Amino acid sequence: MATNRTFTMLKPDAVEKGHVGAILEKINASGFRIVAMKLTQMTKNDAETFYAIHKERPFFGELVEYMTRGPIVAAILEKDNAVEDFRTLIGATNPAEAAEGTIRKLYAASIGENAVHGSDSDDNALIESTFHFSGREMF
Ligand code: IDP
Ligand code: MG
């Protein structure tokens, strides 16, 4: 996969609150092309695998519970400098520290329930994309 792609999830809180349309609008308006997208729900095993890097953290159980409690929108996005630009668009992990106008500032409730995921590197964008999508689901 080219390095101009990133992976995102609109997390269960964003779906529950009806923010999917508004968040996708911001993503489109920021120049990202949707390469792949689906509504899906992570199993406990999925979430434990996806977030394995955090398994020793005190919030790991809470994170798995949150990420599996309802459907998410998973998507692959394409744009020059996608990983970094998408992290800028979503804002800091803690919405209290997120810049004005960012997705987390607008839609996140807390550091745990923060509305949206964005890959933190090109390598992880590829790993996370292929975790959720087969080649025939990417366009
Ligand atoms: P990121 O999503 O901004 O990359 P990470 O540090 O990779 O942030 O953490 C992954 C996810 O774990 C966060 O998006 C958030 O949902 C959750 N999380 C991170 N830190 C905390 C915390 O201190 N308490 C509860 N949940 C947290
Ligand atoms: Mg992260």
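The values are calculated or read from the model by the stated rules, or taken from the named source; none is laboratory data. Fair warning: this is a prediction, and the values are worked out from it, not measured in the lab. Glycine gets a Cβ as well: all are built from the backbone with ideal geometry, and neighbour counts include every protein chain shown.
Taking segment 21-37, which residues are within 12 Å of the chain's Cα centre (by Cα) and either of a type in the set (D, E, K, R) or not in a strand (DSSP E or B) (or both)? Break it down into steps so the answer makes sense when it comes.
Pass one, segment 21-37, residues within 12 Å of the chain's Cα centre (by Cα): 23-24, 27, 37.
Once the filter is applied, which keeps residues that are within 12 Å of the chain's Cα centre (by Cα) and either of a type in the set (D, E, K, R) or not in a strand (DSSP E or B) (or both), segment 21-37 yields Ile23, Leu24, Ile27.
Met42 falls short on exactly one of the conditions (1) closer than 19 Å to Gly112 by Cβ; (2) out of contact with any strand residue (DSSP E or B) (no Cβ under 8 Å at 6 or more places or on another chain), and that condition is (2).
Can you pull out the helices (runs of 4 or more DSSP H) entirely within segment 71-135 that have at least 3 residues that are of a type in the set (Phe, Trp, Tyr), more than 15 Å from ligand 1 (Cβ to nearest atom) and under 14 Å from the mean Cα position of the chain (by Cα)? So that I can check it myself, show each step before the final result.
Details: elements: 82-90, 103-107, 122-132.
Counting at least 3 such residues, we get no helices (runs of 4 or more DSSP H) at all.
Whenever a residue of segment 66-80 is closer than 19 Å to Lys17 by Cα, its partners that are of a type in the set (Asp, Glu) and modelled with pLDDT of 95 or more, lying with C-beta atoms within less than 7 angstrom and at least six residues away or across chains, give the pairs Tyr66/Glu113; Gly70/Glu16.
Suppose we keep only residues that are basic (Lys, Arg) and more than 12 Å from ligand 2 (Cβ to nearest atom) within segment 84-129. Which one would you say is surrounded by the fewest Cβ atoms within 10 Å (Cβ to Cβ)? Among them, the one singled out is Lys105.
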